[in-house]
Amino acid sequence: MQQRISAFGAIAGILSIYNQGFYVAVLELPISKIFFLLRPGLDDNTPAVLEVVSRALAFLFYNVADGVFNKLY
């Protein structure tokens, strides 16, 4: 279980850094494939796994820069 938490945490970290724009010219992420990679993690009943998978999904679908831009205009 610890390996699953670490793996999902690493994916969440990569998505967080990607949303900040650091990997724009380096990495192209297939959103649908990452979603189906994270989706089975939601079937687990362990709160730690659910928390890290939810965080990864939030980074996948919500871009903080877009939220700030929408509040300005």
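Run the 1.4 Å probe and let me know the accessible area of Ser54, rounded to the nearest 10 Å².
Counting only protein heavy atoms, Ser54 exposes about 60 Å² to solvent.
Applying 1/(1 + (r/R0)^6) with R0 = 22 Å to the Cβ-Cβ distance of Ile17 and Asp43, what FRET efficiency is obtained, to the nearest 0.05?
The calculated FRET efficiency here is 0.25.
Counting other Cβ atoms within 10 Å of each Cβ, which chymotrypsin sites (Phe, Trp or Tyr not before Pro) in the range 1-57 have at most 12 and sit in a DSSP loop?
Listed in order of number, the matching sites are Phe22.
Given points 7 Å out from each Cα along the Cα-Cβ axis, report the Phe36 to Ala7 separation in nanometres with one decimal.
Reported label-point gap for Phe36 and Ala7 is 1.6 nm.
Order Ile11, Ile31, Ile17, most accessible first, counting only protein heavy atoms with a 1.4 angstrom probe.
Largest accessible area first, the list is Ile31, Ile17, Ile11.
The values are calculated or read from the model by the stated rules, or taken from the named source; none is laboratory data. Just so we're clear, the structure is a prediction, and the values are computed from it rather than from any experiment. Positions of Cβ are backbone-derived with ideal geometry, glycine not excepted, and every protein chain shown enters the neighbour counts. When the accessible area is computed, the model is the full protein with side chains, heavy atoms only, and any ligands, DNA or RNA have been set aside. Shrake-Rupley method; radii C 1.70, N 1.55, O 1.52, S 1.80 Å.
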